[in-house]
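Here the structure is laid out as structure tokens; the discussion comes afterwards.
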Amino acid sequence: MQSSLSLSFSPTSSATTISRSHHSFPLSTGTKPLNLRFCGLRREALGLGFSTSLNRNLHQQQQLPRRQYSAVVSAARSDNGSSSGSSFDYDLLIIGAGVGGHGAALHAVEKGLKTAIVEGDVVGGTCVNRGCVPSKALLAVSGRMRELKSDHHLKSLGLHVSSAGYDRQGVADHANNLATKIRSNLTNSLKAIGVDILTGFGTVVGPQKVKIGSSDKIVTAKDIIIATGSVPFVPKGVEVDGKTVITSDHALKLESVPEWIAIVGSGYIGLEFSDVYTALGSEVTFVEALDQLMPGFDPEISKLAQRVLVNPRNIDYHTGVFASKITPARDGKPVLIELIDAKTKEPKDTLEVDAALIATGRAPFTEGLGLENVDVATQRGFIPVDERMRVIDANGKLVPHLYCIGDANGKMMLAHAASAQGISVVEQVTGRDHVLNHLSIPAACFTHPEISMVGLTEPQAREKGEKEGFEVSVAKTSFKANTKALAENEGEGLAKLIYRPDNGEILGVHIFGLHAADLIHEASNAIALGTRIQDIKLAVHAHPTLSEVLDELFKSAKVKEHASIPVSEPVAV
């Protein structure tokens, strides 16, 4: 998730000033290019300034001979750093060994910090054990099944397949084995660099102090990161039995493939499971509280996705309704779902199905952390933080040396966002000011075909333009014009660019089509780096590849010829 950015400055003048939204940094010239680690952060997060002391420390770090610097990093990797005579047990203690905690730990050791990670369950957290990893294994199966069962698609390629079937337990084993493998890889990667894995639930008992498990063991650390993640959110009135009324945690075990399953919620989780269940032969009914399916996506993408992912499949739906009560199947009776109007709360209908999957989002896992011991009150379960992930107490003041990343802070509930936040925190505690631009973080839904997005939707962009007084334009391109997509017989798809024509700033990109989840990163990196459309138009893409969808998209944008207004730095959210 990291790359290198090399900056070189012309020696024709004695100093160059980089100006950003809040700071200006004078840089001496005539020096060798600086290699700066970059991770989807605003460019002022390069850490060049902010205070005299920071400048002095960074200058000393930059002047550190390459051989000496390598030795420091090697030492950190071999013996987990050193607290340098500190009175603390660790430089950094991370509560939670999910993707966010893992990413922070790796970066901390690289920075020379003595690091420990506390885990009360298993390494890998939700993503690896009950989320994105096993779900991708199931989706890989559903993708193959769709190909094998599509006679029209196969015949167009000159292929003949007699029949396609599956072994439910074999599919479930594939998902479980993948989770086990990735969990083992993460555990071994932490051990290999000397991160101490402390088993037990971590509880903050005071400033810079954490109690491990039910014992009286207290561990101290100069800085603490809370990375406890989230759990499935189950609305009131829903009775989960783990068999016929299930959450995503249960569904990933694939203990059964019901003939008819209702999915409550049509966001990322609901859509992906509808892809899996329909590929394996189930009928699906969506129950959505809002007036349209896929409410979190760009409206134009939602309409196209519904036409491709919902309408042709064994899926029906009820929108604008709440599932006020869900009763598991028992005594020979089916699962009962009582629906009420989302606005009037009047009874609407009752569904009788074989199973129900609750896909209504996720809730932060923050209970029992001892936050009251540092005067922190959660907001709907989320831990309040500022743009630098620093925890805010009940009086609106920052809690020194305490940070929170990932789902527990609610800023952006994605595994890779948690990892980026963790890396940003580590940069801060090691002397570089980092502010993560969440508008540069991509998201993806791994249906067939996929959906991906980064930045603002068109309605959000137009609202922003109206408030701030700038014009918003939209460019689109179709997968039907892409050679590689046509070769795969997968021409159904659209890429959409939302931008400012006055300065070429990319406000948002949305893709629906083959490998959309892989294609989005060119756009997300462009937003992170502040690259303008008029510059990215000059980039070269291999032919014939799907990446040319983005190439054509950027080339079709109409930026004013003499655009001179600088690209604004998005406010961290």
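Summing charges over all other residues whose Cβ lies under 12 Å from the Cβ of Asn409, with Lys and Arg as +1 and Asp and Glu as -1, gives +1.
For the range 178-228, a Kirkwood radius taken over Cα pairs fed into Stokes-Einstein (20 °C, viscosity 1.002 mPa s) yields D = 170 µm²/s. The GluC sites (Glu not before Pro) of the range 340-437 that DSSP puts in a loop, and whose beta carbon has at most 11 other beta carbons within 10 Å, are Glu367.
When all alpha carbon pairs of the range 167-301 are counted in 5 Å bins from zero, the resulting P(r) reads 2, 7, 12, 14, 14, 12, 12, 11, 9, 5, 1, 0 %. Shape of the range 245-360 from the C-alpha gyration tensor: oblate (a/c of 1.5 or more and a/b not above b/c, with a ≥ b ≥ c the square roots of its eigenvalues). Amide H of Lys325: which non-local residues (sequence gap of 5 or more, or other chain) have their own amide H closer than 5 Å, using H built in the peptide plane? Under 5 Å from the amide H of Lys325 lie the amide H atoms of Glu338, each far enough along the sequence or on another chain.
Close amide H contacts of Lys348 (hydrogens built in the peptide plane, cut-off under 5 Å, sequence separation of 5 or more or a different chain): Leu339, Ile340, Asp341.
Stokes-Einstein diffusion for the range 237-277 at 37 °C, viscosity 0.692 mPa s, with a Kirkwood radius from C-alpha pairs, works out to 305 µm²/s. For the range 456-547, the set of GluC sites (Glu not before Pro) satisfying both a DSSP loop assignment and a count of at most 15 other C-beta atoms within 10 Å is given as Glu471, Glu488.
For Lys333, a cut-off of 18 angstrom between C-alpha atoms picks up these aspartates and glutamates, skipping any fewer than 8 places away in its own chain: Glu239, Asp241, Glu259, Asp349, Glu352, Asp354.
The alpha carbon gyration tensor of the range 512-552 gives principal lengths a ≥ b ≥ c with a/c of 1.5 or higher and a/b no greater than b/c, which makes the shape oblate. Taking all protein chains together, His543, His107, His153, His250 sort by accessible area into His543, His250, His153, His107, largest first [probe 1.4 Å].
On full extension, the segment bounded by Leu290 and Lys476 gains 64.3 nm, given 0.36 nm per residue less the C-alpha separation. Estimated at 0.36 nm per residue, the fully extended path between His152 and Lys467 surpasses their Cα-Cα distance by 108.5 nm. Note on the range 440-571: Cα convex hull, mean projected area over all directions, 7.6 nm². Projected label points at His543 and Lys181, each 7 Å from Cα along the beta carbon direction, are separated by 3.7 nanometres. For Val205, nonlocal amide neighbours, meaning residues 5 or more places apart or on other chains whose placed amide H falls under 5 Å from its own, are Val210, Lys211.
Taking all protein chains together and rolling a 1.4 Å probe, Tyr268 ends up with roughly 80 Å² accessible.
Across the range 201-215, coupling constants 3J(HN,Hα) worked out from phi with the 6.51/-1.76/1.60 Karplus curve, θ = phi - 60°, read 7, x, 10, 6, 10, x, x, 6, 10, 9, 8, 9, x, 8, 7 Hz, and Gly and Pro carry x. Computed 3J(HN,Hα) for the range 475-486, one whole-Hz value per residue from the Karplus formula 6.51 cos²θ - 1.76 cosθ + 1.60 where θ = phi - 60°, is 10, 9, 8, 9, 5, 5, 9, 9, 4, 5, 5, 5, glycine and proline marked x.
Hey, if we sort Cys127, Cys404 by accessible area with the 1.4 Å probe, largest down, what's the order?
Cys127, Cys404
Counted residue by residue at 0.36 nm each, then reduced by the alpha carbon distance between them, the extension gain from Phe233 to Arg168 reaches 20.7 nm. The trypsin sites (Lys or Arg not before Pro) of the range 391-439 meeting both criteria, a DSSP state outside H, G, I, E and B (loop) and at most 15 other C-beta atoms within 10 angstrom of the site's C-beta, are Lys397. Taken over the range 142-185, the convex hull of the Cα atoms encloses 79 Å³ per residue.
A dipole drawn for the range 439-556 from +1 and -1 charges on Cβ atoms has a positive end, and of Phe554, His521, Asn503 the residue lying farthest that way is Asn503.
Using 30 Å as the Cα-Cα cut-off, could you pick out the over-long pairs in Lys345/Lys397; Lys209/Lys411; Lys136/Lys496; Lys136/Lys211; Lys155/Lys243? In this structure, Lys345/Lys397; Lys136/Lys211; Lys155/Lys243 exceed 30 Å between Cα atoms. The accessible area of Asp167, taken with all protein chains in place and a 1.4 Å probe, comes to roughly 100 Å². Derived scalar couplings between HN and Hα for the range 547-554 equal 4, 5, 4, 5, 4, 5, 4, 5 Hz in order, rounded to whole Hz, by the Karplus curve 6.51 cos²θ - 1.76 cosθ + 1.60 (θ = phi - 60°), x for Gly and Pro. Mean separation of Cα pairs under 8 Å and 6 or more residues apart, divided by the residue count, gives the range 439-556 a relative contact order of 30 percent.
When the surface is traced with a 1.4 Å probe over the full set of protein chains, Asp151 keeps roughly 90 Å² accessible.
The values are calculated or read from the model by the stated rules, or taken from the named source; none is laboratory data. Since we're looking at a predicted model, the values are computed, not measured. Methodologically, a virtual Cβ is constructed for each residue, glycine included, from the backbone with ideal geometry; neighbour enumeration extends over all protein chains shown. Side chains are part of the model used for accessible areas, which takes the heavy atoms of the whole protein and leaves out ligands, DNA and RNA. Shrake-Rupley method; radii C 1.70, N 1.55, O 1.52, S 1.80 Å.
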